[in-house]
């Protein structure tokens with residue numbers, strides 16, 4: 001009697017520029033589950049489906065937002081957004097934010113969070129961005145470990161970052177230089193011009 005072979009899931013990450021087949025429904029389902037599990041968004045409770053669908057459709061329309069999704073066996077199970085400054089913000093054009101990063105609870109343990117983060121970083125490099133910033137609730141332990149393991153530096157703490165179930169939660173702020181040469185130049189500039197002179 002043969003032994004059934006274990007299923008090896010198919011993992012992939014891509015930038016999403018349009019919704020095909022079940023993409024929108026899968027994305028809403030995955031985000032809904034992530035919010036219900038306590039993280040990934042500013043929402044504390046999942047919004048109505050029509051609100052969620054409008055939100056994701058809007059993300060694809062904003063030029064400064066790049067939506068990356070992680071798929072597990074073809075279905076969207078994770079996502080993250082690379083958010084660049086608006087064109088009039090020339091002073092911060094060298095940087096971007098990693099936002100709304102999540103993995104559905106049922107898809108965790110396959111490395112999707114890391115793969116989505118690395119895809120966002122590569123897209124930032126491709127767009128001549130040398131620094132990524134992000135902020136996160138202190139309760140997102142696994143995500144914090146991921147970011148710190150990938151070289152993100154915590155530079156600040158907000159004591160009243162979010163309010164969940166009536167309790168104030170701290171927020172942690174991180175940054176990561178994607179280009180060592182840019183890091184050296186910007187760090188030198190910061191030391192030369194600390195910003196404390198009138």
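The values are calculated or read from the model by the stated rules, or taken from the named source; none is laboratory data. Remember, it's a predicted structure, so these values are computed and weren't measured experimentally. Cβ atoms come from the backbone with ideal geometry, glycine included; neighbour counts cover every protein chain shown.
Just a few scattered comments:
- Checked against (1) buried (at least 21 other Cβ atoms within 10 Å of the Cβ); (2) more than 11 Å from the chain's Cα centre (by Cα), residue 69 passes all but condition (2).
- Which listed residue, of 58, 36, 42, 2, is under 28 Å from residue 172 (Cα atoms), out of contact with any helix residue (DSSP H, G or I) (no Cβ under 9 Å at 6 or more places or on another chain) and at pLDDT below 95: 42
- Some residue of region 126-135 being assigned to a helix (DSSP H, G or I) and either surrounded by fewer than 16 Cβ atoms within 10 Å (Cβ to Cβ) or touching a helix residue (DSSP H, G or I) at 6+ places or on another chain (Cβ under 8 Å) (or both): yes
- The selection criterion, being surrounded by fewer than 16 Cβ atoms within 10 Å (Cβ to Cβ), at pLDDT 95 or above and within 18 Å of residue 176 (Cα to Cα), holds for residue 118.
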